[in-house]
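Below you'll find the structure, written out as structure tokens, and then a few comments.
The values are calculated or read from the model by the stated rules, or taken from the named source; none is laboratory data. Not measured: the values here are computed from a predicted model. Heads up, the Cβs are rebuilt from the backbone with ideal geometry, glycines too, and the neighbour counts pull from every protein chain shown.
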Amino acid sequence: MNTEWTSTVSATNPLPEYPRPQLVRESWMSLNGLWEYAITADRTVPETFDGYITVPFSPEAPLSGVQKTLESGQYL
């Protein structure tokens, strides 16, 4: 689902603000951004990846760049 804010999200630094303003820490690192991903049938690290996903968005979300639904028995 796209919203009026969809076009303002950066793939390299999405949602850079601290996620819980009431519990701010002095030092923290956001892991949001582009990550390689693979959808596999087991939990081992693959030798090759399927592409890139924009974290923190789920694989199903348009902003993730993946737009795939994981089925039962699949791992991301």
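Do any residues in the stretch 27-38 that are part of a strand (DSSP E or B) and of a type in the set (Val, Ile, Thr) have Cβ atoms under 8 Å from those of residues that are at pLDDT below 90 and surrounded by 10 or more Cβ atoms within 10 Å (Cβ to Cβ), where the two are at least six apart or on different chains, and which pairs are they? Taking only residues 6 or more apart or on different chains, not a single pair turns up. Of all residues in the stretch 42-65, those satisfying the criterion of being at pLDDT below 95 and among the aliphatic types (A, V, I, L, M) are VAL45, VAL55, ALA61, LEU63.
The set of residues from the stretch 57-76 being in contact with a strand residue (DSSP E or B) (Cβ under 9 Å, 6 or more places away or on another chain), under 22 Å from ALA11 (Cα atoms) and in a loop (DSSP other than H, G, I, E, B) comprises PRO59, ALA61, GLY65, VAL66, LEU76.
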